Amino acid sequence: MPNQALGQLGDALLFAAVVVYALAMLGFAGEQASRKARRAVTAVRAESKVLLGAGGPPVLVPEETVTVERPSRAGRFALALTLCGWFIHVTSLVIRGFAAHRVPWGNMYEFSSAAALVAVTFFLVLVARGTVERGLGAFVMLPVVLYLGLAASVLYTAAGPLVPALNSYWIKIHVAAAVTASGSFLLSGVVALLYLLRSRYDDRLADRQQPRFPVSLGAQLPPAAVLDRVSYSIIAFAFPVWTFAVIAGAIWAESAWGRYWGWDPKETWSFITWVLYAGYLHARATAGWKGRKAAWVAVAAAGALIIDYYVVNIFVVGLHSYA
Amino acid sequence: MTIQSDEEASRLSTQPKPVGQTRRGDPLGPLRMGWRQLTSMRTALLLLFLLALASVPGGFLPQRRLNPLRVTQYIGTHQTLGPLMDRLYLFDVFSSPWFSAIYLLLFISLVGCLLPRTRLHLRAMRTKPPKVPRSVAKLPVSDRWETTQSTDEVMARAKASLRGWRLVRRDHELSAERGYLRETGNLVFHVSLVVLLIGIALGAFGGFKGTVLVVDGKGFSNTIASYDDLQPGRRFSPSSLVPFSVQLDAFEATYAPDGKALTFDAHVHWARLGGVSKAYDVRVNHPLVVGAAKTYLIGHGYAPHIVVRDSTGQVVDDRLVPCLPQTPEFLSTCVIKEPNTTGQQFGFRAFFTPTTITDAEGRVGSSFPGLKNPVLTLTAFVGDLGVDGGTPQSVYSLDTTAMKRVDTQAHALLPGQTYRLPGGASLTYVDTQQWATFQVTQDPGKIVALIAAVGMVGGLLLSLFVRRRRLWVRVGVAEGGPTTVEVGGLARTDAERFADEFAGIVTQMRTTTVRE
Ligand code: HEM
């Protein structure tokens with residue numbers, strides 16, 4: 001029988017993790033704000049350079065090269081908080097698993113929590129490897145906090161056993177892969193949106209317009225090329241994992257329902273998601289589709305993923321409506 | 001000429017070139033153009049998007065293959081739009097002509113794209129890495145230094161630093177390439193997609209799926225006649241049915257206190273034709289496998305045991321009546337028809353409730369799926385059942401147009417109790433057994449699809465994580481002067497990682513070069 005007290009401890013820890021993440025988000029935002037003040041100065045300097053280069057095309061000095069960053073205390077503190085939140089988050093999932101005597105990804109609440117954990121993990125890895133600046137944290141932690149908050153309030157399910165169809169070792173494999181891919185895809189969707197924002201910001205500057213909110217947020221973001229590359233590498237990682245998850249799901253369906261594929265709504269949306277990500281990978285290799293169009297495909301694919309998990313589970317009747 | 005080879009040097013994939021103009025005056029021009037258009041990246045991309053878009057209605061609307069009842073309901077509630085949507089195949093999306101057209105075009109495009117790419121790749125694997133481009137300095141990464149060593153010494157050092165690369169030396173030039181597996185993986189992935197489609201087609205043509213409902217103590221055999229519902233493939237031959245039979249000894253379910261199902265077990269005995277019978281426990285995720293046939297447990301419910309006597313006291317019916325569950329708590333409905341009586345025909349509409357509750361208005365319901373307090377509630381009818389006219393009737397519905405209701409009140413029976421009709425006939429509810437539905441499938445394409453799936457994942461991993469890259473070294477010897485070494489490189493993906501790798505190789509070349 002599930003251990004209710006332990007289950008409640010797991011829930012409390014998840015709540016704590018969300019609070020810590022929210023604080024981290026504020027820290028990252030604080031760091032950005034103090035940087036913005038310094039940037040205002042550099043922007044003026046850049047403007048004067050443009051005037052000097054009269055005749056030729058305006059040369060905007062990339063701000064990153066001008067600003068000399070002092071390691072900000074707020075930023076480092078925020079990163080430490082994120083790490084703390086991550087540990088609490090991991091603990092909450094482990095405890096949940098012990099409370100329910102099974103892997104902690106058996107319903108939508110647990111699934112969302114695990115997917116968010118994957119996204120945060122990925123972000124921390126990218127920062128540790130120096131692929132992105134930690135400043136991106138403000139933009140990453142906001143959706144994570146919202147997503148977890150939504151999961152814990154709307155999708156909440158007490159720790160309990162699984163319905164018989166889910167009681168298979170394939171669930172561990174299939175859902176673990178699906179969680180990993182989904183968390184990564186959701187992160188890549190956020191990064192793709194940030195890319196779109198930043199590239200619009202760059203366009204405005206190139207047209208010598210003053211970007212307005214929210215495009216003005218682009219100033220806080222890494223260069224467009226970096227965002228583009230990051231969202232690609234996340235998808236390149238997640239796509240084979242998703243492919244494997246869908247295949248493992250088919251093998252599981254074969255042993256549970258007697259057919260490996262039946263166009264159940266859940267299967268259909270997994271397929272749509274898969275095809276859209278295949279489309280993204282193609283788009284990046286096709287002239288005329290690189291860049292912004294490809295980023296829109298990545299956003300659409302993440303949208304299909306969200307439909308797959310939330311809209312289908314809640315509103316569409318099918319074999320998968322178990323949670 | 002040089003431009004040509006420079007272009008060749010930078011081509012690191014077999015990706016089709018963008019479609020350009022054909023030569024004028026070519027009689028096959030438009031055809032050739034059309035084919036190149038169909039097999040271009042742009043068309044593949046478009047068809048992929050169309051495929052995703054075409055699947056969307058299938059992800060929201062009820063589909064006939066999955067749930068015919070809900071399709072009928074949907075059309076019923078959408079009187080005007082429903083039939084129109086039906087004519088547009090919106091309830092049969094995945095077998096619709098437009099969906100088929102899209103995926104067939106996509107696969108034609110895929111095959112048309114794969115053939116030349118495979119040829120190109122096979123050639124690339126046999127040919128030597130291309131010549132050093134005219135201007136090494138213009139490559140994405142490059143370096144240049146001077147040394148006192150001879151050309152041969154420099155070459156030897158360079159070769160030593162490029163272990164694992166495919167190398168070719170042409171006089172004072174060295175060309176290196178590695179990461180061919182990327183393209184191999186990409187081709188394996190795309191070929192696997194075609195194989196997957198073949199596997200699916202094999203199943204759809206030669207496979208079969210049959211469902212049968214069995215009450216405790218009864219059984220079925222794997223023959224076409226014994227299935228309640230049969231979905232044979234278009235080329236399915238009954239002779240490929242694996243001969244075996246299954247008997248359901250007892251079905252067993254357990255539930256958590258909140259009514260959530262915990263376990264389902266169908267305890268069966270099965271035997272091949274003429275073979276000894278063996279016990280097996282068919283569970284969800286634990287099918288019975290006999291040769292190519294797999295038997296799954298896909299549903300269950302209650303079957304009250306009833307005994308019916310006619311007015312003379314003669315037993316006219318003694319069997320288990322399967323009741324179909326209507327709610328998660330297994331409020332179930334069934335129909336009992338008695339056409340073979342001496343007097344008037346009679347029939348019953350029945351509610352079965354495993355854990356019975358009665359609300360304030362006397363309505364019966366069930367509060368739990370397990371068997372705690374079973375009640376069989378009957379409404380009796382006498383008259384003509386309409387079963388003799390020859391039109392087939394469902395055993396789950398009672399046509400009461402030519403019948404008269406016996407009582408104004410429904411009659412509730414506990415196990416062991418008897419309902420006596422005015423004419424003297426009676427129905428006894430003896431006890432409660434269960435039924436299970438089994439689905440038997442044979443899918444000859446399954447193994448092909450599985451092989452394709454392995455190929456897809458393997459191919460993808462190679463294709464996304466192996467990096468294809470080229471590196472060139474040119475050694476210039478000036479009369480009397482120092483030797484100049486120019487190194488340049490080009491990578492198809494992940495330019496940043498390649499820049500690091502390149503810097504590492506150059507450092508190695510330079511340090512080993514300078515050490516003497
Ligand atoms: C059946 C539908 C298709 C699917 C699901 C699909 C999927 C994919 C995926 C996931 C990739 C990225 C991984 C990799 O590099 O191997 C890819 C790459 C590629 N696909 Fe497809 N593909 C399909 C059809 C086609 C067709 C019809 C063509 C021919 C025009 C094609 C040409 C390519 C090429 C050239 C690449 C490599 C792109 C690059 O240069 O990076 N694919 N495909």
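The values are calculated or read from the model by the stated rules, or taken from the named source; none is laboratory data. Here the structure is a predicted model, which means the values were calculated and not measured. A quick note on method: Cβ atoms are made from the backbone with ideal geometry, for glycine too, and the neighbour counts reach across all protein chains shown. Ligands, DNA and RNA are stripped out before the accessible areas are found, and what is left, the full protein with its side chains, is counted by its heavy atoms. Shrake-Rupley method; radii C 1.70, N 1.55, O 1.52, S 1.80 Å.
When +1 charges are put on Lys and Arg Cβ atoms and -1 charges on Asp and Glu Cβ atoms, the dipole computed for the range B:255-316 relative to its Cα centre reaches about 240 debye.
The mean sequence separation of alpha-carbon pairs under 8 Å and at least six residues apart, normalised by the residue count of the range B:202-312, gives a relative contact order of 18 percent. The distance from the alpha carbon centre of the range B:323-349 to that of the range B:53-87 is 31 Å, rounded to a whole number.
When the chymotrypsin sites (Phe, Trp or Tyr not before Pro) in the range B:389-461 are filtered for DSSP coil states and for at most 11 other beta-carbon atoms within 10 Å of their beta-carbon, the remaining sites are B:TYR396. Per residue, the accessible area of chain B comes to 52 Å² when a 1.4 Å probe rolls over the protein heavy atoms. Projecting label points 7 angstrom from Cα along Cα→Cβ for A:PHE315 and B:LEU230 puts them 4.1 nm apart. Magnitude of the charge dipole for chain B, about its Cα centre and with charges confined to Cβ atoms of Lys, Arg (+1) and Asp, Glu (-1), is about 2800 debye. A Förster radius of 60 Å, combined with the Cβ-Cβ distance separating A:LEU83 from B:ALA201, puts the computed FRET efficiency at roughly 0.70.
Here the accessible area is traced with a 1.4 Å probe on the protein chains. For the range B:302-435, carbon and sulfur cover 51 percent of it.
Got a sec? Charge dipole of chain B, +1 on Cβ for Lys and Arg, -1 for Asp and Glu; which of B:SER192, B:GLY274, B:VAL56 is way out at the positive end? Positive-end residue among those listed: B:SER192.
Need one value for B:453-461: mean number of C-beta atoms belonging to other chains within 10 Å of its residues' C-beta atoms.
For this peptide, the per-residue mean of nearby foreign Cβ atoms is 4.
Working note: Karplus 6.51/-1.76/1.60 with θ = phi - 60° gives the range A:175-180 the couplings 6, 4, 5, 5, 5, 4 Hz, where Gly and Pro are set to x. Can you bin the range B:329-444 into rounded, prolate or oblate? Criterion: square roots of the alpha carbon gyration tensor eigenvalues sorted a ≥ b ≥ c, rounded for a/c under 1.5, prolate for a/b above b/c, oblate for the rest. Cα axes put the range B:329-444 in the oblate bin. Judged by a Cβ-Cβ distance under 4.7 Å, the unpaired cysteines of the protein assembly as shown are A:CYS84, B:CYS113.
Rounded to whole numbers, the Karplus 3J(HN,Hα) couplings from phi for the range B:402-417 are 9, 10, 10, 6, 7, 10, 6, 9, 6, 10, 9, 10, 8, x, x, 8 Hz, using 6.51 cos²θ - 1.76 cosθ + 1.60 with θ = phi - 60°, and x at Gly and Pro. Restricting the trypsin sites (Lys or Arg not before Pro) of the range A:231-296 to loop positions (DSSP other than H, G, I, E, B) with no more than 13 neighbouring Cβ atoms within 10 Å leaves A:LYS290.
Sequence gap at least 6, Cα distance under 8 Å: using those rules, report the relative contact order of chain B to the nearest whole percent.
19 percent
With a ≥ b ≥ c taken as the square roots of the eigenvalues of the C-alpha gyration tensor of the range A:150-299, please select rounded if a/c is under 1.5 and otherwise prolate if a/b is larger than b/c or oblate if it is not? Verdict is prolate for the range A:150-299.
At the residue level, B:ASP388 shows approximately 120 square angstrom of accessible surface with a 1.4 angstrom probe and all protein chains present. For B:GLN434, nonlocal amide neighbours, meaning residues 5 or more places apart or on other chains whose placed amide H falls under 5 Å from its own, are B:ASP216, B:PHE251, B:ALA303.
Could you work out what % of the accessible surface of the range A:162-323 is carbon and sulfur, using a 1.4 angstrom probe and leaving DNA, RNA and ligands out of the count?
Here it works out to 66 percent.
Given a 1.4 Å probe and no ligands, DNA or RNA in the count, how much accessible surface is buried by A and B, both sides, to the nearest 100 Å²?
Protein heavy atoms only, the A-B interface buries about 4200 Å².
Among the trypsin sites (Lys or Arg not before Pro) found in the range B:334-383, those both in a DSSP coil and sparsely packed, with 16 or fewer other Cβ atoms within 10 Å of their Cβ, are B:ARG363, B:LYS372.
Here A:ASP207 and A:SER34 are evaluated by their C-beta separation; at R0 = 30 Å the FRET efficiency comes out at 0.55. Neighbouring Cβ atoms from other chains, within 10 Å of the Cβ of residues in A:307-315, number 1 on average. Contact-buried residues of the range A:253-273, at a threshold of 30 Å² lost accessible area versus the chain by itself: A:GLU254, A:SER255, A:ALA256, A:TRP257, A:GLY258, A:TYR260, A:TRP263, A:THR268, A:TRP269, A:PHE271, A:ILE272 (1.4 Å probe; DNA, RNA and ligands ignored). Mean residue ellipticity at 222 nm, helices only, chain B: -10500 deg cm²/dmol; runs of at least 4 DSSP H residues each add -39,500 (n - 2.57), and the sum is divided by the number of residues. In plain terms, the chain from B:THR223 to B:LEU371 could stretch by 49.9 nm, reckoned as 0.36 nm per residue minus the Cα-Cα distance.
By accessible area, using a 1.4 Å probe on protein heavy atoms only, the range B:27-127 has 71% of its surface on carbon and sulfur.
Each residue of the range B:306-321 was assigned a 3J(HN,Hα) from its phi angle through the Karplus curve 6.51 cos²θ - 1.76 cosθ + 1.60 (θ = phi - 60°); the sequence is 10, 10, 10, 10, 8, 5, 8, x, 6, 6, 9, 7, 8, 7, 9, 9 Hz, with glycine and proline shown as x.
Assuming a ≥ b ≥ c are the square roots of the Cα gyration tensor eigenvalues, decide whether the protein assembly as shown counts as rounded (a/c under 1.5), prolate (otherwise, with a/b larger than b/c) or oblate. Prolate.
Across the range B:11-145, the mean sequence separation of Cα contacts (distance under 8 Å, 6 or more residues apart), normalised by length, yields a relative contact order of 27 percent.
Given the pairs A:LYS290/B:LYS131; B:LYS372/B:LYS446; B:LYS337/B:LYS446; A:LYS293/B:LYS209; B:LYS260/B:LYS404; A:LYS290/B:LYS446, which span a C-alpha to C-alpha distance of over 32 angstrom in this model? As for pairs spanning more than 32 Å Cα to Cα, those are B:LYS372/B:LYS446; B:LYS337/B:LYS446; A:LYS293/B:LYS209; B:LYS260/B:LYS404; A:LYS290/B:LYS446. Rounded to the nearest 20 debye, the dipole magnitude of the range A:180-323 is 560 debye, with +1 charges on Lys and Arg beta carbons, -1 on Asp and Glu beta carbons, and the Cα centre as origin. Surface listing: B:HIS269, B:HIS190 arranged by accessible area from highest to lowest gives B:HIS269, B:HIS190, probe 1.4 Å.
Averaged over its residues, how many other protein chain Cβ atoms are within 10 Å of peptide A:240-250's Cβ atoms?
4
On a per residue basis, the convex hull of the C-alpha atoms belonging to chain B measures out at 268 Å³.
Multiplying the residue separation of B:ILE451 and B:ARG134 by 0.36 nm and subtracting their alpha-carbon distance yields 109.6 nm. One chain, two ends: B:LYS159 and B:VAL477. Fully extended at 0.36 nm per residue, the span grows by 112.6 nm beyond their Cα-Cα distance.
Work out the charge dipole of the range A:190-323 with +1 on the Cβ of Lys and Arg and -1 on the Cβ of Asp and Glu about the Cα centre, then indicate which of A:ALA278, A:ILE247, A:VAL230 is farthest towards its positive end. It is A:VAL230, whose Cα lies furthest towards the positive end.
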